[in-house]
Amino acid sequence: MITCEEVFELRVPLPDVVSMQTRQANLEGTGEIPLRRLVKEALRMRPSRIIVGEVRQEECLDLLIALNSGLPGMCTLHANSAREAVVKMCTLPLLAGENIGTAFVVPTVASSVDLVVHVGTDASGHRRVREIVALPGRAEGGVIETADVFTTRDGRLVRADGYPPHPDRFAALGLDLPTLLGDGPGRFT
């Protein structure tokens, strides 16, 4: 697993983790290593997973290309909701240049991203999961279809009607998706 960040914040408690960090230019203006370059270098290392901490600019394009090539991964980014995070993931790659357009980005996000977990800070200052949204992989008219898997109602995270795409991936890992979601025996609400 490889992590790419501007500031080391991710602490992955697993063996075989390579953590890479960006570097600012020196006084002569040379030696800068931007996040976009780290993502590209991480792909050369043939990781089994990649995590990009705080995607804010055109590095989102490189992450999408990696995810679209079948590499499992994730990223963090700042947004007000899970759906706004999806919109942001469709906007940030456009910063990479004029030759990148929504005709490429929107379907790539729709097919590459499975789940978006939105975490917010509650009144007591604790981080809580507010919603989990699935992306079934469809986009129409530049809008990506989403489905609520979990949502917050009356201050509680509750199961919604949506279902994560690719249940075969969960099964391949020996995970029973209905049980994980609470849809199996002992369903919770």
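The values are calculated or read from the model by the stated rules, or taken from the named source; none is laboratory data. The shown structure was predicted, so the numbers you read here are calculated from the model rather than taken from an experiment. Cβ coordinates were reconstructed from backbone atoms using ideal geometry, including for glycine residues, and neighbour counts include every protein chain displayed. We work out accessible area using only protein heavy atoms, side chains counted, and drop any ligands, DNA or RNA first. Shrake-Rupley method; radii C 1.70, N 1.55, O 1.52, S 1.80 Å.
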**Asked** Does segment 40-59 include one or more residues that are closer than 21 Å to VAL117 by Cβ, hydrophobic (A, V, I, L, M, F, W, C) and out of contact with any strand residue (DSSP E or B) (no Cβ under 6 Å at 6 or more places or on another chain)?
**Response** no
**Request:** Would you check which residues across segment 95-111 are surrounded by 14 or more Cβ atoms within 10 Å (Cβ to Cβ), touching a Leu at 6+ places or on another chain (Cβ under 8 Å) and of a type in the set (Gly, Ala, Ser) and list them?
**Result:** ALA96, ALA110
**Item:** VAL12 modelled with pLDDT under 95, in a loop (DSSP other than H, G, I, E, B) and either touching a Ser or Thr at 6+ places or on another chain (Cβ under 9 Å) or surrounded by 15 or more Cβ atoms within 10 Å (Cβ to Cβ) (or both)
**Value:** yes
**Request:** Look at segment 55-84 and say how many of its residues are buried (at least 20 other Cβ atoms within 10 Å of the Cβ) and of a type in the set (Asp, Glu).
**Result:** 2
**Message:** With the structure loaded, tell me whether GLU28 is of a type in the set (D, E, K, R) and open to solvent by less than 90 Å² (accessible area, probe 1.4 Å) or whether it fails that test.
**Reply:** no
**Request:** Kindly indicate whether any position in segment 128-147 is in contact with a helix residue (DSSP H, G or I) (Cβ under 9 Å, 6 or more places away or on another chain), among the hydroxyl-bearing types (Ser, Thr, Tyr) and outside any strand (DSSP E or B).
**Result:** yes
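Does segment 42-49 contain at least one residue that is small (Gly, Ala, Ser) and closer than 21 Å to LEU92 by Cα? Talk me through it step by step, then tell me what you get.
So the first thing to find is which residues in segment 42-49 are small (Gly, Ala, Ser), and the list is 42, 48.
Okay, now just the ones that are also closer than 21 Å to LEU92 by Cα, so 42.
Among the residues of segment 42-49, at least one is small (Gly, Ala, Ser) and closer than 21 Å to LEU92 by Cα, which makes the answer yes.
Do we find that VAL119 is among the hydrophobic types (A, V, I, L, M, F, W, C), surrounded by 20 or more Cβ atoms within 10 Å (Cβ to Cβ) and closer than 26 Å to ALA160 by Cβ in this structure?
On the way: among the hydrophobic types (A, V, I, L, M, F, W, C): yes; surrounded by 20 or more Cβ atoms within 10 Å (Cβ to Cβ): no; closer than 26 Å to ALA160 by Cβ: yes.
In short, no.
This table checks each residue for (1) under 12 Å from the mean Cα position of the chain (by Cα); (2) free of Cβ contacts under 8 Å to residues at least 40 places away in the same chain; (3) surrounded by 14 or more Cβ atoms within 10 Å (Cβ to Cβ); (4) within 26 Å of VAL18 (Cβ to Cβ).
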site: PRO47; (1), (2), (3), (4): no, no, yes, yes
site: PRO93; (1), (2), (3), (4): no, yes, yes, yes
site: VAL113; (1), (2), (3), (4): yes, no, yes, yes
site: GLU131; (1), (2), (3), (4): no, no, yes, no
site: LEU135; (1), (2), (3), (4): yes, no, yes, no
**Message:** So, in segment 148-167, how many residues would count as being part of a loop (DSSP other than H, G, I, E, B), open to solvent by 60 Å² or more (accessible area, probe 1.4 Å) and either of a type in the set (Phe, Trp, Tyr) or under 16 Å from ALA85 (Cβ atoms) (or both)?
**Reply:** 1
**Request:** Give the residue that is most open to solvent (accessible area, probe 1.4 Å), with candidates limited to residues of segment 15-25 that are in contact with a Ser or Thr (Cβ under 8 Å, 6 or more places away or on another chain) and without any contact (Cβ under 8 Å) to a residue 24 or more places away in the chain.
**Result:** SER19
